[in-house]
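Participant: Provided herewith is a single structure, encoded as structure tokens, for subsequent inquiry.
The values are calculated or read from the model by the stated rules, or taken from the named source; none is laboratory data. Being a predicted model, the structure only gives us computed values, none of them experimental. All Cβ positions, glycine included, derive from the backbone under ideal geometry; neighbour counts span all protein chains shown. Protein only, heavy atoms only, side chains kept; ligands, DNA and RNA dropped before computing areas. Shrake-Rupley method; radii C 1.70, N 1.55, O 1.52, S 1.80 Å.
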There are 2 protein chains.
Amino acid sequence: MSQPLLLTPGPVAVPNFVLEAISQPVIPHRSEKFETFYHELLEYVKYLFQTEANVCTMISSGTGGVEAAMYSLFRPGDEVLILSMGKFSARWVDYGALLGLNVKVIEAEWGKNISKEQILQVIDSSPAMKGVVLTHCETSSGVLLDLEEISYSIKKTHPDILLLVDAITTAGVMPFYLDAWAIDCAVTASQKALMNPAGIVCFALSQYGRSQLQESHSSDYRNLYNYIDFAEKNNYPYTPPVQILYGLHAALKHIKGEGLPARWNKAQTLAQYFRRGLDEIGGKVFSESPAHSLTAFTLESRDLNLTKKYLEAEGILLSGGQAHLKGKILRISHMGETEVSHMQSVLSVLKSENQF
Amino acid sequence: MSQPLLLTPGPVAVPNFVLEAISQPVIPHRSEKFETFYHELLEYVKYLFQTEANVCTMISSGTGGVEAAMYSLFRPGDEVLILSMGKFSARWVDYGALLGLNVKVIEAEWGKNISKEQILQVIDSSPAMKGVVLTHCETSSGVLLDLEEISYSIKKTHPDILLLVDAITTAGVMPFYLDAWAIDCAVTASQKALMNPAGIVCFALSQYGRSQLQESHSSDYRNLYNYIDFAEKNNYPYTPPVQILYGLHAALKHIKGEGLPARWNKAQTLAQYFRRGLDEIGGKVFSESPAHSLTAFTLESRDLNLTKKYLEAEGILLSGGQAHLKGKILRISHMGETEVSHMQSVLSVLKSENQF
């Protein structure tokens, strides 16, 4: 049997050039050779986030990464606004409560967006607001925040409010400019646009964001302070997963080689192609202002649990909906090394399904 | 130039059969196929820790793993005894303080051991003691605790005291029996005996240990409760690093194929071989009751920073001492797929060095 076509919006298929990089023999991490390598990798991470400021990596999944950023930037009692729009952003609300933050929430129905006006209304009535946690693209629904506009509106009047962005399904797929948009902290994970196995998170921090980190010289795995501090010396505070960093280096080099705008266009082309085809067979994009990273969609009156199985039998793997959207939507990735021909295959299998 | 011989006590060289496993295409983690695979992997982890109880994995480095276990088992204010014998075990003391535990410390000079009598003395005078954090082998010095004896002595009179063991450089290299020794929680990391890149931690928990976990149904990356809960259903609470789990599966299958006693004997043979040779050239084992996992050693009046560089020029990578032991000791691994011929090469290069 041939290899199934993996089109889940994370993990994405790992291309061969990344697998080859991962297969290189390990070098010890307390060595000049590692430092030279890691310096290059961090420069690529700066390019990814379009920043001249501070970057680092951490062994973690995306969830652990956003939690680490929240923990490092905020203190118990801090008033923090968190936008809840789906499974992932709802996690940040839960976690904020666990950290003892004074959490304000704007909640949108899954699939709906939140406007800058809604956000400003809360901020303007909360003079002690310390920060905002924004999920650039909510992967459970595919909704994209208008981050540039939101950030501009907030920072114009409240420059001290820390902006923490979950960029897990956007950095490398859609325009993202940490410096130009005045974002203070951004997080992404290896298994999305970076086409690697899960396990590494990348962070970028503005100078202001950095100045707000909890200081620590003791052991505290989640504190970004230690990671940024070591990254300045081109090293990592614990034992780094050298092979996975090789994979990340290969993917980021590849992305820089093509150029971010080419990558953004590629995702857009795939998304548009897929959505046109979907329209032709009676499907609908589920989300308001969808990101190009993935399409969450419904399909006439079909039971999408059955459709998902039908696709699997044809060797195509998509993700279903989560929680109350199980069976109601399917989600397809436009990230990584996905091609138009893959979109064609999916559309043609969807067309051929007859549930009735 | 040929590949250097990596003999640092973590990370260890990743053998080809592991790299090949890592290069396999990813499967989606919410699938029967993944669950079948993960079930097998967890069975191997049970074998590794010699337990019939609860096991799970987590994306993290070893440090993050021990911190997660401490966080999950203890609450602020709990009285916890932590043995501090070197760089790594000292971290658990720092972290215990950060968690707000009422930390009692027994500190030994680096290279020295701590006896069960010392431990019992503290425990007997602390009726509220909730748990003990033990570092089975302190990797910065190579000292091995007599874990079986210590555990037996504690549990005989204080069965409710939770025993949390950092088994990062012992599980898979030296005898370790979670159930028979009545250990409540053990942690190991992928880049040591398991011959994988850093990035995955494995945990085992007794039934009693499990009953003491902080309950959580919300997002909290460090809480073992969620990992154990998902592991029972052969799944993982976040996006798992599928390829790295393939690597772990391959290594554990290999270890089980050879049998743990054969692995333990192999490390012992290498350690004894190396230490005999060391003795012949005027070297000394640095630590009291050294583990077989690594040898920390001194060498006459040589400057071991220079010796380390001399070895590197000959293509051999060892680790130096940490903190105040920098330049004073070298550390060589006997873990992974290391061979007697590798020990011979190191000894012969050491013999050939002339600093005077």
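Participant: Out of all DSSP beta bridges with both ends in region A:38-174, state the antiparallel percent to the nearest 5.
Facilitator: Expressed as a percentage, antiparallel bridges in region A:38-174 total about 10.
Participant: Going from the alpha-carbon gyration tensor of region B:30-120, what semi-axes, largest first and in whole Å, does one get by taking the root of 5 times each eigenvalue?
Facilitator: Details: eigenvalues 203, 53, 31 Å².
Working through the eigenvalues yields semi-axes of 32, 16, 12 Å.
Participant: If you place +1 on the Cβ of every Lys and Arg and -1 on the Cβ of every Asp and Glu, how big does the dipole about the Cα centre of the protein assembly as shown come out, in debye to the nearest 20?
Facilitator: Values: 60 positive and 74 negative charges, 109 e Å.
My answer is approximately 520 debye.
Participant: Hey, with R₀ at 56 Å, roughly what FRET efficiency would residue B:79 and residue A:313 work out to, going by the Cβ-Cβ distance, to 0.05? Walk me through the numbers on the way to the answer.
Facilitator: Details: r = 58 Å, r/R0 = 1.03.
Result of the calculation: an efficiency of 0.45.
Participant: Buried accessible area between A and B (1.4 Å probe, both chains summed, ligands and nucleic acids excluded), in Å² to the nearest 100?
Facilitator: Looking at A and B, the buried total is near 3500 Å².
Participant: Considering the dipole of the protein assembly as shown built from charges on the beta carbon (Lys and Arg +1, Asp and Glu -1) around the Cα centre, which of B:238, B:150, B:161 is farthest to its positive end?
Facilitator: Value: B:238.
Participant: Provide Rg and Dmax in Å for region A:118-275, with only Cα atoms included in the calculation.
Facilitator: 17.0, 51
Participant: Something else: Please state the shape class of the protein assembly as shown: rounded when a/c is under 1.5, otherwise prolate if a/b exceeds b/c and oblate if not, all from the C-alpha gyration tensor.
Facilitator: prolate
Participant: Report, as a whole number in µm² per second, the diffusion coefficient that Stokes-Einstein gives for region A:148-187 at 20 °C and 1.002 mPa s using the Kirkwood radius over alpha carbon pairs.
Facilitator: Calculated translational D: 205 µm²/s.
Participant: Further question: Using square roots of five times the C-alpha gyration tensor eigenvalues, list the equivalent-ellipsoid semi-axes of region A:254-347 in whole Å, biggest first.
Facilitator: The equivalent ellipsoid of region A:254-347 has semi-axes of 24, 14, 12 Å.
Participant: Amide H of residue B:316 versus every other amide H placed in the peptide plane: which residues, excluding those fewer than 5 positions away on the same chain, fall under 5 Å?
Facilitator: B:5
Participant: Tell me the accessible surface of residue B:310 in square angstrom (1.4 angstrom probe, heavy atoms of protein chains only), to the nearest ten.
Facilitator: For residue B:310, solvent-accessible area is about 70 Å².
Participant: Right, here's the next one. Roughly what % antiparallel, to the nearest 5, for the DSSP beta bridges in the protein assembly as shown? If you can, show how the numbers build up before the last one.
Facilitator: Working: 46 of 88 bridges.
Antiparallel: roughly 50 percent of the beta bridges in the protein assembly as shown.
Participant: Restricting the count to DSSP beta bridges whose residues both fall in chain B, what percent are antiparallel, rounded to a multiple of 5?
Facilitator: Rounded to the nearest five, the antiparallel share is 50 percent.
Participant: Moving to a separate point now. May I ask for the distance between the Cα centers of region B:130-186 and region A:170-234, given as a whole number of Å?
Facilitator: Taking the Cα centre of each part, region B:130-186 and region A:170-234 sit 36 Å apart.
Participant: Per-residue ellipticity at 222 nm for chain B, helices alone: DSSP H runs ≥ 4 residues times -39500 (n - 2.57), over residue total, nearest 500 deg cm²/dmol?
Facilitator: Calculated mean residue ellipticity at 222 nm is -12500 deg cm²/dmol.
Participant: Same structure, new question: Using a/c under 1.5 as the rounded threshold, could you call region B:78-128 rounded, prolate or oblate? The axes a ≥ b ≥ c are square roots of the C-alpha gyration tensor eigenvalues, and prolate needs a/b larger than b/c, oblate otherwise.
Facilitator: Because a/c hits 1.5 or more and a/b fails to exceed b/c, region B:78-128 counts as oblate.
Participant: If you roll a 1.4 Å probe over the protein assembly as shown with all protein chains in place, what percent of the accessible area is carbon or sulfur?
Facilitator: On the way: 12650 of 25690 Å².
Carbon and sulfur together cover 49 percent of it.
Participant: Can you classify region B:1-71 as rounded, prolate or oblate using the Cα gyration tensor, where a ≥ b ≥ c are the square roots of its eigenvalues, rounded means a/c under 1.5, and otherwise it's prolate if a/b beats b/c and oblate if not?
Facilitator: oblate
Participant: Can you give the mean number of other chain Cβ atoms that lie within 10 Å of the Cβ atoms in peptide A:11-20? Please list the in-between numbers first.
Facilitator: Working: counts 9, 1, 2, 7, 0, 2, 0, 2, 7, 1.
The per-residue average across the peptide is 3.
Participant: Evaluate the Debye formula for region B:201-299 with equal point scatterers sitting on the alpha carbons, no solvent, and hand back log10 of I(q)/I(0) at q = 0.12, 0.19, 0.21 Å⁻¹, in q order, two decimals.
Facilitator: Once normalised to I(0) and log-transformed, intensities are -0.68, -0.97, -1.04.
Participant: Could I ask something else about it? Are there any residues in region A:209-240 with a reduction of at least 20 Å² in accessible surface when going from the isolated chain to the assembly of protein chains? Probe 1.4 Å, please list them by number.
Facilitator: A:218, A:219, A:220, A:221, A:222, A:238, A:239
Participant: Taking only protein heavy atoms and a 1.4 Å probe, what accessible area per residue, in Å², does chain B have with all protein chains in place?
Facilitator: 36
Participant: Rounded to two decimals, what ratio of Rg to Rh does region B:1-156 give with C-alpha atoms and a Kirkwood Rh? Before the final figure, lay out the partial values.
Facilitator: On the way: Rg = 19.2 Å, Rh = 18.5 Å.
Using only Cα positions, Rg/Rh for region B:1-156 is 1.04.
Participant: Could you list the square roots of 5 times each eigenvalue of the Cα gyration tensor of region B:258-303, that is, the equivalent ellipsoid semi-axes, sorted largest first and rounded to whole Å?
Facilitator: On the way: eigenvalues 117, 21, 9 Å².
Value: 24, 10, 7 Å, ordered largest first.
Participant: Right, next: When Lys and Arg each count +1 and Asp and Glu each count -1, what net charge do the other residues less than 11 Å away from residue B:266, Cβ to Cβ, add up to?
Facilitator: It works out to a net charge of -2.
Participant: Post the alpha-carbon centroid distance, region A:299-335 to region B:282-356, in whole angstrom.
Facilitator: Comparing the Cα centres of region A:299-335 and region B:282-356, I get a distance of 56 Å.
Participant: Rg and Dmax of chain A, using alpha carbons, in Å: what are they?
Facilitator: 20.3, 64
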